[in-house]
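The values are calculated or read from the model by the stated rules, or taken from the named source; none is laboratory data. Since the structure is predicted, the reported quantities are computational estimates derived from the model, not experimental observations. Because the Cβ atoms are built from the backbone with ideal geometry, glycine has one as well, and the counts that use them run over all protein chains shown. When the accessible area is computed, the model is the full protein with side chains, heavy atoms only, and any ligands, DNA or RNA have been set aside. Shrake-Rupley method; radii C 1.70, N 1.55, O 1.52, S 1.80 Å.
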Amino acid sequence: MGLFLALSMVAVDHAEARRGGSFGSRGGRTFQSAPATNTAPRQTAPVERSMTPSTAQPGAATRQAQTAGQQRGGLFGGLGGGLMRGLLIGGLFGMLMGHGFGGMAGMFGMLLQILLIGGLIMLAMRFFRSRSQPSPAYAGPGRAAAGAAPNPNWQARRDAEAQPQNNRSFPIPSIGGGAGKPAAVESRDIELAQTDLDTFEQRLAEVQAAFSREDHAALRRLVTPEMVSYLSEELAENAQNGVRNEVTDVTLLQADIAESWSEGTQDYATAALRYESRDRLLDRNSGRLLDGDEELSEITELWTFVRARGGDWKLSAIQEA
């Protein structure tokens, strides 16, 4: 809960200031919901605040213009078609009134003249239109690369699916997985080792401790630059309002993996974490307790980690579960 202050505004009402949110980046899956797990059985909403751009559907305006052009085309389309319709209607109306085309021979002659005039008008309209409208230019490919098909064997499994409440070991994922809808960038599911899961548990305690100490150097080592910006913003607001958020005695109770995948040269993993801690808001000068208490509180969150191939895992997103 302490880290979720990065989305809140610290004010006089400290209860309001301690509400959380979700922020950071999950790569190409930032705006997709993570799968449910035993630890977080309810589907979590996508990240709300992120520097990752959302992928838009390209070519919509172009397709609309092409459709409109097709609707305007044809023998009786456009200005030429309007003139021809007007001549035909006028001639037929005159014939019904007893004058105009002057019999069958006159009518066929008039129709021939109308067709010739209409053809000349259409040729003229096409000529001037082709000279006034330049040909479209294309800057690049019109379609994004499709996502790779999900790999059903991405998860490493263990025989024991349930762990004791106070067992701090990080179980290998037993539920969850599947990428859902293909991302805008190509990705493939990957398997994690036990050492990766142990690192996630370690990062949970390290990031909370660095945030409580207001240790910017440690945060830059443990989290992505985007997360540094959010957490630094919160620390600055805390200092401006004369408060300090302290999160201590962090203990992991239960955890599993929602999904793990690679994108290009980077690996991602989203873990559901249920842990307990003492989360308190203190007066910056006197140390007086402003919000929270000395009792342990329990919270469940989704933490996403990223690493360059062969590098260290860094926290890249936090979501409330």
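For Glu263, which sequence-distant residues (separation of 5 or more, or a different chain) have an amide H within less than 5 Å of its own amide H, given hydrogens modelled in the peptide plane?
Tyr268
What figure, in Å² to the nearest 10, do you get for the accessible area of Leu123 with a 1.4 Å probe and non-protein molecules left out?
Counting only protein heavy atoms, Leu123 exposes about 120 Å² to solvent.
Taking a quarter of the surface of the convex hull around the Cα atoms of the range 185-278, what do you get in nm²?
Seen from a random direction, the Cα hull of the range 185-278 projects 7.2 nm² on average.
How far, in nm, would the chain grow between His216 and Ser232 when pulled straight, counting 0.36 nm per residue and subtracting the alpha carbon separation?
Result: 5.0 nm gained on full extension.
So what J values fall out for the range 308-321 if you push phi through Karplus, 6.51 cos²θ - 1.76 cosθ + 1.60 with θ = phi - 60°, rounded to Hz, Gly and Pro as x?
6, 3, x, x, 8, 6, 10, 5, 10, 6, 10, 9, 6, 9
Given a cut-off of 14 Å, what percent of all Cα-Cα pairs of the range 187-230 lie beyond it?
Summing the P(r) tail past 14 Å for the range 187-230 gives 56 percent.
Non-local amide H neighbours of Gln254 (under 5 Å, H modeled in plane, Pro and chain starts lacking H): which ones?
The answer is Arg274.
Could you tell me which residue out of Ala258, Leu296, Val306 lies farthest along the dipole of the range 240-321 toward its positive end? Charges go on the beta carbon: Lys and Arg +1, Asp and Glu -1, centred on the Cα centre.
Farthest towards the positive pole: Val306.
Taking the range 213-321, which trypsin sites (Lys or Arg not before Pro) meet the DSSP loop condition and have no more than 11 other C-beta atoms within 10 Å?
Answer in residue order: Arg288, Arg309.
Can you give the convex hull volume per residue for the Cα atoms of the range 215-321, as a whole number of Å³? Could you put the intermediate results ahead of the total?
Numbers: hull volume 12.1 nm³, N = 107.
That works out to 113 Å³ per residue.
Quick check: with the 1.4 Å probe, what order do Met122, Met227, Met51 take by accessible area, largest first?
The ordering from most to least exposed comes out as Met51, Met122, Met227.
Rg and Dmax of the range 274-316, using alpha carbons, in Å: what are they?
In order Rg, Dmax, the Cα atoms of the range 274-316 give 16.1, 46 Å.
Set the Förster radius R0 to 22 Å, insert the Cβ-Cβ distance between Gln43 and Glu186 as r into 1/(1 + (r/R0)^6), and round the FRET efficiency to 0.05.
0.35
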